[in-house]
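Here's the structure we're looking at; comments come further down.
None of the figures in this text is laboratory data; all of them are computed from the coordinates on show. Computed from a predicted model, the values in this text were never measured in an experiment. So basically every Cβ, Gly included, is an ideal-geometry build from the backbone, and we count neighbours across all protein chains shown.
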Ligand SMILES: [Zn+2]
């Protein structure tokens, strides 16, 4: 089966399921469940990405996963992140073999942005 045909079959099945279960899917309980599933998915992908990228900041070695960010080595992160869904982005990082991503802690990520003058503000920090 071709990819287009597979997508068409999935679209039709999804449309049918959504129409049949509209009330259930719009209920607050279902929305809460769905947010939980999506959070679990994101957390699982982030854990896999952190493991792939070394579980520590590439500059200073900081290891707390709560402050580790996915950094684009050559910049352009905002443009890429806004051009696709979060799910697509996480899978792209996970499947990347070019080395265009690294982990940086929040401090090192901000310092790098200052060094590369990537802030969109009119005046530099401290003025
Ligand atoms: Zn760091």
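Quick notes on this one:
- A full extension of the chain between residue 85 and residue 11 corresponds to an added length of 24.8 nm, given 0.36 nm per residue minus the alpha carbon distance.
- FRET efficiency for residue 59 and residue 35, using Cβ-Cβ distance with R0 set to 30 Å, rounded to 0.05: 0.35
- Mean separation of Cα contacts under 8 Å (6+ apart) over length of the chain, as relative contact order %: 26 percent
- Distance between segment 1-21 and segment 48-127 - C-alpha centres, whole angstrom: 35 Å
- Gyration tensor (alpha-carbon) shape descriptor, segment 1-74, a/c threshold 1.5: oblate
- Considering all C-alpha pairs of the chain, those separated by over 17 Å amount to 70%.
- Rounded to the nearest 10 degrees, the angle from helix 28-52 to the longest Cα principal axis of the chain is 40 degrees.
- Order of 2, 27 - criterion: other Cβ atoms within 10 Å of each residue's Cβ, fewest first: 2, 27
- Estimated 222 nm signal from helices in the chain, with DSSP H stretches of n ≥ 4 weighted -39500 (n - 2.57), rounded to 500: -18000 deg cm²/dmol
- Packing rank of 106-116, 14-24, where each peptide gets the mean count of other beta carbons within 10 Å, highest leading: 106-116, 14-24
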